[in-house]
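Visitor: Dropping a structure here in structure tokens format, bear with me for questions.
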């Protein structure tokens, strides 16, 4: 069995096995929990450890900002946790400073919270803080205005230290108990590639049968991949950051870089597949016949996606995938009849575009792709 076929078969077998064991809704929820196991461990340990450090080692009796800060650093965003940690501390500092000063003057209460939060956010905005930092200024000030003061010590300094402790503990957990960046990327990219392969398979069937229906189905399938592709952006940023910063994941940097460079081109391939599906649907709906050789060209694209997925996962050299993609472009070009319609030309152009997208995803340069397709 070819590697590409093995990939698609394994995807189908796993899906079938899970379907027979659990209801689909329950299965999807359990899969989601399992996929987040590392982050669940990170956030739980970080919250408890931040409290322990601030309460037992530093000696703060109510270090509520410490676990909150640790949680926010872990869940606050992907690809920039160093920046998030700094923003978190700065935002908390502004909120604490404004809150404490105003509380000493105007006290606590409903209207006082309004004034304190307004001025804390205004101060954060004046200082150029955005996003999480400004949010933390507001929440820190509102918490200070809503809770009873500590019985001893300087609450402003204490809460600043708590936020710093929590931020650093959260960052340490991200680096010392890191997710597997390759596994997370591989899972999401394979979902996209499996959906892309199915869409291309349906387009091939539409061309072979002369039926516009499967092409319409393929268009809906390709459109349905967009939310997964959009979520890939955060996953890519987070995985690249972990591979770059965590000593436990340094050896995976090359593999992560391979995924990072491929994601944009895979996205382009999905977009071009949507265009291809629309063109094939229009062509067949208007009673035009598929040019001889075009189903075979799209079939090669369909099979090459599975080969590409395996090559990406196992760090192969992409030789087989590239060969199939170049042959798909060649078949599509030679299939173009001398008296071609606009739809014929558009279908050929889209097949070549998808082949180009996936060749770029294998690491080929524009010059290499141009030479391969021109000579192919």
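Visitor: Of the residues that make up region 171-178, is at least one assigned to a helix (DSSP H, G or I), surrounded by fewer than 19 Cβ atoms within 10 Å (Cβ to Cβ) and modelled with pLDDT of 80 or more?
Guide: yes
Visitor: Every residue in region 344-376 that is out of contact with any helix residue (DSSP H, G or I) (no Cβ under 8 Å at 6 or more places or on another chain) and not in a helix (DSSP H, G or I), please.
Guide: Scanning region 344-376 gives a single hit, 365.
Visitor: Applying the selection to region 206-238, what residues are free of Cβ contacts under 8 Å to residues at least 24 places away in the same chain and either within 25 Å of residue 295 (Cα to Cα) or surrounded by 15 or more Cβ atoms within 10 Å (Cβ to Cβ) (or both)?
Guide: Within region 206-238, 209, 213, 214, 217, 220 meet the criteria.
Visitor: Give me the pairs: first residue in region 57-73 and within 11 Å of residue 164 (Cα to Cα), second residue not in a helix (DSSP H, G or I), beta-carbon distance under 9 Å, and six or more apart or on different chains, which are they?
Guide: 66/58; 66/60
Visitor: Collect the residues in region 76-106 that are in contact with a helix residue (DSSP H, G or I) (Cβ under 8 Å, 6 or more places away or on another chain), surrounded by fewer than 17 Cβ atoms within 10 Å (Cβ to Cβ) and modelled with pLDDT of 75 or more, keeping them in residue-number order.
Guide: The one that is in contact with a helix residue (DSSP H, G or I) (Cβ under 8 Å, 6 or more places away or on another chain), surrounded by fewer than 17 Cβ atoms within 10 Å (Cβ to Cβ) and modelled with pLDDT of 75 or more: 106.
Visitor: A further question follows. Answer with yes or no whether residue 294 is assigned by TED's automatic domain parsing to the domain that holds residue 227, under 22 Å from residue 194 (Cα atoms) and in contact (Cβ under 8 Å) with a residue 40 or more places away in the chain.
Guide: Yes; evaluated as a whole, the condition is true for this residue.
Visitor: Another one. Going through 129, 150 one at a time, which residue ends up being under 28 Å from the mean Cα position of the chain (by Cα), in a loop (DSSP other than H, G, I, E, B) and either modelled with pLDDT of 85 or more or farther than 30 Å from residue 256 by Cα (or both)?
Guide: Unique residue meeting the criteria: 129.
Visitor: When you go through 243, 199, 277 one by one, which is the residue that is modelled with pLDDT under 95 and surrounded by 22 or more Cβ atoms within 10 Å (Cβ to Cβ)?
Guide: Answer to the check: 243.
Visitor: Given the options 117, 121, 105, 98, name the one that is in the same structural domain as residue 70 (by TED's automatic domain parsing), more than 26 Å from residue 172 (Cβ to Cβ), touching a residue at least 40 places away in the same chain (Cβ under 8 Å) and over 28 Å from the mean Cα position of the chain (by Cα).
Guide: 98
Visitor: Quick one: which residue in 284, 301, 331 is closer than 24 Å to residue 191 by Cα and crowded, with 20+ Cβ neighbours inside 10 Å?
Guide: 301
Visitor: Of (1) modelled with pLDDT of 85 or more; (2) over 30 Å from residue 43 (Cα atoms), residue 109 satisfies all except one. Which?
Guide: (1)
Visitor: Looking at region 323-343 only, could you name the residues that are over 12 Å from residue 293 (Cα atoms), assigned to a helix (DSSP H, G or I) and at pLDDT below 90?
Guide: Those that are over 12 Å from residue 293 (Cα atoms), assigned to a helix (DSSP H, G or I) and at pLDDT below 90: 342, 343.
The values are calculated or read from the model by the stated rules, or taken from the named source; none is laboratory data. The shown structure was predicted, so the numbers you read here are calculated from the model rather than taken from an experiment. A quick note on method: Cβ atoms are made from the backbone with ideal geometry, for glycine too, and the neighbour counts reach across all protein chains shown.
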